[in-house]
Amino acid sequence: MNNILIINGHQKFPFNEGKLNMTLTQTMQDVLKEKYNVQLSILQNGWNVQEEQKKILWADFIIFQLPIYWFEAPALLKKYLEEVYEYGLFYKGSQEYGAGGLLKGKKYMISSTWNSPKNVFGNKESFFRGKTVDDILIALHKTQQFVGMEPLKSFSCHDVVKHPDINEIIKNLKLHLKDVFCL
């Protein structure tokens, strides 16, 4: 297992140009390329469906780097998944619903940026009522499970608009990557 595809799912808006997501994507590439073959997909730049399918089939690991907009992945990432995840190539029908994934043996990691503070997750008295980041991103996780992939430990950074600590975020990301990818 030597190949990693990093998918930057940022969707640009006038108020959000995606500098942090690009910084995190670049950090991942820099850290991982010492041990792995790394390819990037920057969705904001557009994509070719067949080329993206080849990248996903090539990859042993897929990292989704994305901001969270209104508690979900950006619409651009959803469009990418709908266009690229093709029946017969990534999944097929099966007797048991959700068991027809053709990407078995591949693993994925979600790395997300949130404006919400970290302390509102896992706290039953807070806005998310005890839910974790992974609970909130269940649709993205289930999509990957449906095509047969297994999750790696997710990474998230919080309060990135009001109180960003870029140096701390990068330090934590590097530690996370070293732990998850045994660097």
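Per-residue answers, yes or no, for (1) of a type in the set (D, E, K, R); (2) under 22 Å from residue 139 (Cα atoms):
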position: 24; (1), (2): no, no
position: 35; (1), (2): yes, no
position: 43; (1), (2): no, yes
position: 56; (1), (2): no, yes
position: 95; (1), (2): no, yes
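Would you confirm, using the coordinates I've provided, whether residue 176 is touching a Pro at 6+ places or on another chain (Cβ under 9 Å), closer than 25 Å to residue 2 by Cα, open to solvent by less than 70 Å² (accessible area, probe 1.4 Å) and part of a helix (DSSP H, G or I)? Considered against the rule, which asks whether it is touching a Pro at 6+ places or on another chain (Cβ under 9 Å), closer than 25 Å to residue 2 by Cα, open to solvent by less than 70 Å² (accessible area, probe 1.4 Å) and part of a helix (DSSP H, G or I), residue 176 comes out as no.
Kindly check whether there is at least one residue in segment 149-167 that is in a helix (DSSP H, G or I), loosely packed, with under 12 Cβ neighbours inside 10 Å and among the basic types (Lys, Arg). Show your work before the answer.
Filtering segment 149-167 down to residues in a helix (DSSP H, G or I) leaves 166-167.
Restricting the remaining residues to those that are loosely packed, with under 12 Cβ neighbours inside 10 Å gives 167.
Of the ones still in play, those that are also among the basic types (Lys, Arg) are none.
Taking every residue of segment 149-167 in turn, none turns out to be in a helix (DSSP H, G or I), loosely packed, with under 12 Cβ neighbours inside 10 Å and among the basic types (Lys, Arg).
Check whether at least one residue in segment 25-46 is surrounded by fewer than 19 Cβ atoms within 10 Å (Cβ to Cβ), farther than 30 Å from residue 165 by Cβ and basic (Lys, Arg), and report yes or no. Taking every residue of segment 25-46 in turn, none turns out to be surrounded by fewer than 19 Cβ atoms within 10 Å (Cβ to Cβ), farther than 30 Å from residue 165 by Cβ and basic (Lys, Arg). Scanning segment 25-74 for residues that are small (Gly, Ala, Ser) and out of contact with any strand residue (DSSP E or B) (no Cβ under 8 Å at 6 or more places or on another chain) yields a single hit, 46. Considering segment 76-102, the residues that are open to solvent by less than 40 Å² (accessible area, probe 1.4 Å), assigned to a loop (DSSP other than H, G, I, E, B) and in contact with a strand residue (DSSP E or B) (Cβ under 8 Å, 6 or more places away or on another chain) include one that is farthest from residue 62 (Cα to Cα), namely 100.
Taking the numbered list (1) surrounded by fewer than 15 Cβ atoms within 10 Å (Cβ to Cβ); (2) closer than 29 Å to residue 30 by Cβ; (3) out of contact with any Lys or Arg (no Cβ under 8 Å at 6 or more places or on another chain); (4) of a type outside the set (A, V, I, L, M) in turn, residue 116 passes all entries but (1). Residues that are under 22 Å from residue 182 (Cα atoms), part of a loop (DSSP other than H, G, I, E, B) and within 17 Å of the chain's Cα centre (by Cα) do not occur anywhere in segment 25-43. Confirm whether residue 65 is within 15 Å of residue 140 (Cα to Cα) and either open to solvent by 20 Å² or more (accessible area, probe 1.4 Å) or touching a residue at least 24 places away in the same chain (Cβ under 8 Å) (or both). For residue 65, the condition - within 15 Å of residue 140 (Cα to Cα) and either open to solvent by 20 Å² or more (accessible area, probe 1.4 Å) or touching a residue at least 24 places away in the same chain (Cβ under 8 Å) (or both) - is met. Filtered by the rule that a residue be acidic (Asp, Glu) and without any contact (Cβ under 8 Å) to a residue 40 or more places away in the chain, segment 125-170 gives 125, 134, 135, 165, 168. Scanning segment 123-145 for residues that are under 12 Å from residue 108 (Cβ atoms) and touching a Phe, Trp or Tyr at 6+ places or on another chain (Cβ under 8 Å) yields 140, 143, 144.
Looking only at segment 44-62, filter to residues that are part of a loop (DSSP other than H, G, I, E, B) and touching a residue at least 24 places away in the same chain (Cβ under 8 Å); which one of those is farthest from residue 175 (Cα to Cα)? Steps first, answer last, please.
Narrowing segment 44-62 to residues part of a loop (DSSP other than H, G, I, E, B): 46-48, 59-60.
Subset that is touching a residue at least 24 places away in the same chain (Cβ under 8 Å): 47, 59-60.
Numbers: 47: 31, 59: 22, 60: 21 Å.
Applying the filter and picking the extreme gives 47.
Looking across segment 5-15 at every residue that is without any contact (Cβ under 8 Å) to a residue 60 or more places away in the chain and either within 16 Å of the chain's Cα centre (by Cα) or more than 20 Å from residue 82 (Cβ to Cβ) (or both), the one that is surrounded by the most Cβ atoms within 10 Å (Cβ to Cβ) is identified as 8.
The values are calculated or read from the model by the stated rules, or taken from the named source; none is laboratory data. What you are looking at is a predicted structure, and each value in this text was computed from that prediction instead of being measured. With ideal geometry, Cβ positions are generated from the backbone for all residues, glycine too; neighbour counts draw on all protein chains shown. Surface areas here come from the heavy atoms of the whole protein model, side chains and all, with no ligands, DNA or RNA. Shrake-Rupley method; radii C 1.70, N 1.55, O 1.52, S 1.80 Å.
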